[in-house]
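Below: the structure, in structure tokens.
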Amino acid sequence: MSDGRTPLRPRPLRWGMWAAGALVLLALPFYLDRFWLQAGLFAMAAAIGAIGLNLLTGAAGQLSLGHAFFLAVGAYGYCVFAGESTGSQIGLALPTWLAAVLAVLVSGVAGGLFSPVAGRLRGAYLGIATLALIFIGQHVLFNARDVTGGFNGRDVPPLSLFGLTFDDAEVVVAAVPFGSSEKLWYAGLLLLLGSGLFARGVLRGRPGRALNALRDHQVAAGVIGVPVARYRGAVFVLSSMYAGIAGVLLALVFQRTVPDYFGMALSLEYLAMIVIGGLGSVGGAVVGAVFVSLLPQLLTRYSDVLPLVSDPGSGGVAPGEASRYLYGAAVVAVVLFLPGGLTSIAARRIRTTPREKR
């Protein structure tokens, strides 16, 4: 007799779906133009940063409004470590792969310096404290011209790894020219895969259970032996390092860093990503990041055929502004009608109908 529970889809089918998706992602650089590849790279970088924020906010229940600060640390840290010194800017001219690693570590160190605060505050109090990081970061980015280049930003040296330089010098593969976007596509996929698997392991292991306990009931977690301040500080450092990885990848895609990008709006976008996709879930972070990051790209691409959307000053709503309205409405809709985020819909569809009792 059946126990009435809904069985999951057979594992071979699930593995087949994952394999088909992987093949599609691997083949896309052979068929897509530069616009779509850059949009996909933005989505990958956003997904990595959103996974880190979901560990902090979704799993541990710690509100952070300063995620953009740590993306800026990663992006500008890479530029400083990999760039060369000029008359107006500081650069250490380190190997670019080492510069990327050091930039992520510096992001973690920045998170570690803030972790004593993160370990003792929660909720809105931590959100307000992290909000201060945005204002401090913007002041430094605009005024430390020797390091950041000021208002104009600074150029991003292309990444070199295993003899391959991720620049616009074309490499022909199967009669298809590969520029910087095509090369970075595969690097972005590897970074996203590694980031997702590591976060999945954290959430499914003992640290994940401890973080969920902190989120659901801090006092009870402390009573059963969870070191509250230590776990809060540790997850803040880990989230900062994820933001550093995302910042390095964004810098490589943009090929130039500018302070205006790493402002309050970016932090709010990351919060929208994890709420829309689903709090506490790696898949939710990825889905939300794809939705929020690709929406303005699509509106910009097709603004000439969409109603009410047009270039600034032409009488319609600018694509960037329209995208904020849309994913703001999506956040409200998810909170009211779909608390589990978009991934909860997929979770329901994965389950088959219950078998009839014999």
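Rule-based calculations on the coordinates, nothing more; no lab input. As the structure is a computational prediction, the values presented were derived from the model and not from experiment. Cβ: placed from backbone, ideal geometry, glycine included. Neighbour counts: every protein chain shown.
Below are the figures for this structure:
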quantity: Net lengthening on full extension, E84/R230 (0.36 nm per residue, minus Cα-Cα); calculated: 48.7 nm
quantity: Size-normalised alpha-carbon gyration radius of region 48-196, reference 2.2 N^0.38 Å; calculated: 1.20
quantity: Relative contact order (%) - region 160-206, alpha-carbon pairs under 8 angstrom, separation at least six; calculated: 22 percent
quantity: Near-label residues of region 110-133 by backbone N, under 20 Å of a point 7 Å along Cα→Cβ of H217; calculated: 122-123
quantity: Share of Cα-Cα pairs in region 40-127 lying beyond 23 Å, as whole percent; calculated: 33 percent
quantity: Theoretical ellipticity at 222 nm over the chain - DSSP helices of four or more residues, -39500 (n - 2.57) apiece, nearest 500; calculated: -21500 deg cm²/dmol
quantity: Separation of the L336 and E321 label points, Cα + 7 Å toward Cβ, nm; calculated: 2.4 nm
quantity: Per-peptide average of other Cβ atoms within 10 Å, ordering 236-243, 248-255 highest first; calculated: 236-243, 248-255
quantity: Distribution of pairwise C-alpha distances over the chain, 20 Å bins, in %; calculated: 27, 57, 15, 1, 0
quantity: For region 120-167, radius of gyration divided by Kirkwood radius, i.e. Rg to Rh on alpha-carbons; calculated: 1.26
quantity: Residues H217, H67 arranged by fewest to most Cβ contacts within 10 Å; calculated: H217, H67
quantity: Peptide ranges 18-29, 35-46, 171-182 listed from the most packed, as the mean C-beta count within 10 angstrom indicates; calculated: 35-46, 171-182, 18-29
quantity: Normalised contact order of region 11-350, rounded percent, pairs of Cα under 8 Å and 6 or more residues apart; calculated: 29 percent
quantity: Over region 215-325: Rg over Rh, Cα atoms, Kirkwood Rh; calculated: 1.11
quantity: Region 135-184 - percent relative contact order, Cα under 8 Å, separation 6 or more; calculated: 18 percent
quantity: A329/V176 FRET efficiency (R0 56 Å; Cβ-Cβ; nearest 0.05); calculated: 0.90
